[in-house]
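A short write-up of the structure that comes next.
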Amino acid sequence: MGASSFSAGRADSALARVDARVKVLLLLAYTAVLFWDPHPTVVAASFALLALCIRAAGLRARAVAATAKPVAVILAFTLCANLVSCDGTAPVRVLGAVGVDLARGARGLMAVMRIVLLIGFSLTVSASTTPVELGDAVVRLMRPLGRVGVPVPQIGSMLSIALRFIPVVADEFQRIQRAQRARGVRFDEGPLRVRIGRWAAVLTPLIVALFRRADRLADSMAARCYADGSRCQVPSRSLGPRDRVVLGMGIALCVALVLCSRFAL
């Protein structure tokens with residue numbers, strides 16, 4: 001799927017009007033909640049919250065599901081690895097030492113759902129925020145670290161470039177893959193060793209093209225005196241009343257989720 005799949009309706013969505021610093025802080029706070037070993041009821045409530053955030057970001061559920069396809073195989077493998085036991089200790093025997101452990105499977109399912117939630121909330125933030133806004137937000141949040149020698153402007157510049165290159169890499173990858181398919185290369189046929197060799201015909205020119213883009217970008221930045229980061233300063237800006245309300249409500253919700261997990265029966 002192209003990089004422009006999430007751009008439609010982003011500028012005028014409710015989540016796009018929230019300051020990027022608020023979205024980054026709330027994403028970090030919710031990530032901490034997910035690592036707090038939440039109760040299943042909290043996970044279920046989080047999916048309802050994710051649906052609201054997807055709607056607020058102006059995204060389509062089908063586009064979100066299509067984005068999660070690349071990690072679906074990994075998530076399925078994680079679930080199966082927790083569900084199936086091969087050491088003979090599983091309560092339910094299937095064949096010899098191979099069996100099914102439902103308790104471990106339930107823990108694996110919870111881990112998979114937490115990963116899906118983290119991917120979903122990260123997607124809503126990235127889809128409702130431009131790379132420039134994300135880079136400026138990180139610089140503003142890290143500005144106190146500049147007093148102890150941390151090169152905050154340079155970090156923000158690198159982050160903005162990296163975010164800008166993500167759709168560029170995706171488009172370049174699809175272009176090379178389509179060119180190889182037009183030459184008769186079939187990536188889904190033949191044994192695994194042969195298919196890996198065919199993918200090398202895509203990855204090799206992709207890496208070469210990215211090195212060329214990096215060289216041109218470096219020359220352009222040097223010509224504009226960006227090498228020392230002096231041109232990467234981000235002006236200070238305070239949060240508006242609406243952003244403060246959203247931040248307070250989000251932090252309060254994260255605390256409520258932790259308390260629900262802590263005292264759930």
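Under 11 Å from the Cβ of L239, count the other residues' Cβ atoms, weight Lys and Arg +1, Asp and Glu -1, and hand me the total. Before the final figure, lay out the partial values.
Values: positive: R21, R140, R237, R242, R244; negative: D19, D243.
Spelling it out: positives minus negatives among the neighbours equals +3.
Work out, step by step, the length gained on full extension between V185 and V132: first 0.36 nm times the residue separation, then minus their alpha carbon distance; give nm to one decimal. Numbers along the way, then the final one.
Values: separation 53, 0.36 × 53 = 19.08 nm, distance 3.79 nm.
Value of the extension gain: 15.3 nm.
About the Cα centre, and with charges only on the beta carbon of Lys, Arg (+1) and Asp, Glu (-1), how big is the dipole of the range 150-234? Nearest 20 debye, please.
Details: 14 positive and 7 negative charges, 78 e Å.
Dipole magnitude for the range 150-234 comes out near 380 debye.
Please give the length that would be gained between Q177 and V208 if that part of the chain were fully extended, namely 0.36 nm times their separation in residues minus their C-alpha to C-alpha distance (nm, one decimal).
On the way: separation 31, 0.36 × 31 = 11.16 nm, distance 1.44 nm.
Length difference between fully extended and current span is 9.7 nm.
Length gain on complete extension for the stretch A201 to F263, per 0.36 nm per residue less the alpha carbon to alpha carbon distance? Intermediate results must be reported in sequence, preceding the final value.
On the way: separation 62, 0.36 × 62 = 22.32 nm, distance 5.48 nm.
Extra length from A201 to F263 when fully extended: 16.8 nm.
Would you pull out the residues with amide H under 5 Å of S85's amide H, same chain only if 5 or more places away, H placed 1.01 Å from N?
Those qualifying (amide H under 5 Å, at least 5 residues apart or on another chain) are G99, V100, D101.
Cβ under 15 Å from R178's Cβ, R178 left aside: what net charge do those residues give with Lys, Arg +1 and Asp, Glu -1?
Working: positive: R175, R181, R183, R186, R198; negative: D171, E172, D188.
In short, +2.
The numbers here are math on the coordinates, done by the rules we state, and not lab data. No experiment lies behind these values; they were computed from the predicted model shown. Cβ sites come from the backbone with ideal geometry, for glycine too, and all protein chains shown count toward neighbours.
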